[in-house]
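Input: a single structure, listed below in structure tokens.
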Amino acid sequence: MRIKKDMIDLRSDTVTKPTPEMRKAMAEAEVGDDVFAEDPTVNALQEKIANLFGFEAGLFVPSGTMGNQLSVNVLTHAGDEVLIEQTGHIFNYESTAAAHLSSVLLNPQPGTKGKLSVEQLENSLRGAHEWEPQTKVVALENSTNKGGGCCYTEEELSRIQDFAEKQDLLIHLDGARIWNAMTATGTDPQFYSSIANTMSVCFSKGLGAPVGSMVLSSAERIRQAHKMRKMWGGGMRQIGILAAAADYAVENHYPLLEEDHKRARKLAETIDSCSGLSIDLDSVETNILIFDVLERSAEEAVALLEEQGVRVVPFGPKTLRATFHLQITDEDLEQAQQAFSKVFD
Ligand SMILES: Cc1ncc(COP(=O)(O)O)c(C=O)c1O
């Protein structure tokens, strides 16, 4: 068995470590007390990312979870309902935070590859009677994590936005991997502010920063989010060192995502050729592969791959996820392809 440090780690795109160049940018960052809004590097990043996506303002936050939860909080009142695709991160992986922090109900909907459609939403609205929750928000994810890295088309998003406007609903977009979605679809970043009221983006996934996400919205909603961030213990001080890493990631790593996507497709093709595995090649759009193990359990498959030096995560009793990121090279890809063929062919 290979020693741990030689492992090809495809468990998540969150496992990256800051590069020497990123660390240099962090070390050289100008900093100030961000609770006093005096950190110049944070202020510049907030303005830059808000402008990039066409929103009025942005707020740097420690995690994608806090970005999503602040968004839900500023879009709702206690007792409201948020419609979300049933595999959505906010529903599955944020520890009931929406109920706990904002007193809202998340109502999971069955979609396709993690995506919702107008047809789905049309039959799910509630609030006509006083005994029902009031549907207030539609929470979308782009690209979808548990949905296998799939992306909404601009047309799909525009249709949902038209519907939401007619029904008086607000839209939150979980853009933890919006960078991957933009890379795959070529969508102009400005488009997202035309279809979403709030959006969260992460610098700590495929972009490879060690920490950091941002909430984007109107100036008024960001003012409210700022207050809630402090209340939830997320007020930070000299975090220009983190904003510098995020800025470095956007400038230098965003253009590399295309390579991750190409490598992911190549491994998907190897998986498709393995008799012991099954993958829907049409659903491979970005850096995430979700595939089934045919004759073993996911746990057994994980252990066998680990013996060959490759780490993936179980995503169901017979389902695995492999995710490409900044620190997976062409050589790693080749070794991973050999490992998959050896174990599953
Ligand atoms: C789609 C999506 N949204 C939000 C998050 C939460 O990000 P964090 O782990 O920074 O809280 C993740 C984390 O992987 C994610 O995949």
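General remarks:
- Qualifying position, being within 14 Å of the ligand (Cβ to nearest atom) and at pLDDT 95 or above, among Glu81, Glu94: Glu94
- Residue count for region 75-88, restricted to those that are surrounded by 23 or more Cβ atoms within 10 Å (Cβ to Cβ), in contact with a helix residue (DSSP H, G or I) (Cβ under 9 Å, 6 or more places away or on another chain) and not in a strand (DSSP E or B): 1
- Of the residues making up region 200-239, those that are open to solvent by 10 Å² or more (accessible area, probe 1.4 Å) and near the ligand (Cβ under 10 Å from one of its atoms) number 3.
- Only listed residue being in contact with an Asp or Glu (Cβ under 6 Å, 6 or more places away or on another chain) and either within 11 Å of Gly148 (Cα to Cα) or open to solvent by less than 40 Å² (accessible area, probe 1.4 Å) (or both), chosen from Ile279, Ile271, Ile288, Ile328: Ile279
Residues checked against (1) open to solvent by 60 Å² or more (accessible area, probe 1.4 Å); (2) away from the ligand (no atom under 16 Å from the Cβ); (3) within 22 Å of the chain's Cα centre (by Cα); (4) at pLDDT below 95:
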residue	(1), (2), (3), (4)
Gly114	no, no, yes, no
Arg126	yes, yes, no, no
Leu140	no, no, yes, no
Lys146	yes, no, yes, no
Ile160	no, yes, yes, no
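- Candidates Ala209, Ala184 - the one that is more than 15 Å from Glu141 (Cβ to Cβ), touching a residue at least 12 places away in the same chain (Cβ under 8 Å) and of a type in the set (A, V, I, L, M): Ala209
- Within region 1-54, restricting attention to residues that are of a type in the set (A, V, I, L, M), more than 23 Å from the chain's Cα centre (by Cα) and assigned to a loop (DSSP other than H, G, I, E, B), the residue that is surrounded by the most Cβ atoms within 10 Å (Cβ to Cβ) is Ala29.
- Of note, Phe60 satisfies the criterion of being modelled with pLDDT of 95 or more, touching a Leu at 6+ places or on another chain (Cβ under 7 Å) and closer than 14 Å to His226 by Cα.
- Qualifying positions in region 307-321 - surrounded by fewer than 17 Cβ atoms within 10 Å (Cβ to Cβ) and in contact (Cβ under 8 Å) with a residue 60 or more places away in the chain: Glu307, Val313
- Of all residues in region 28-63, those satisfying the criterion of being aliphatic (A, V, I, L, M) and within 18 Å of Val74 (Cα to Cα) are Ala50, Ala57, Leu59, Val61.
- For region 162-176, a residue qualifies if it is assigned to a loop (DSSP other than H, G, I, E, B) and away from the ligand (no atom under 16 Å from the Cβ), and the qualifying residues are Asp168, Leu169.
- The single residue among Leu101, Leu106, Leu59 that is more than 11 Å from the ligand (Cβ to nearest atom) and part of a helix (DSSP H, G or I) turns out to be Leu101.
The values are calculated or read from the model by the stated rules, or taken from the named source; none is laboratory data. Just so it is clear, the structure is predicted and the values come from calculations on it, not from any experiment. Methodologically, a virtual Cβ is constructed for each residue, glycine included, from the backbone with ideal geometry; neighbour enumeration extends over all protein chains shown. Remember, those area values only see protein heavy atoms, side chains included, never the ligands or the DNA or RNA. Shrake-Rupley method; radii C 1.70, N 1.55, O 1.52, S 1.80 Å.
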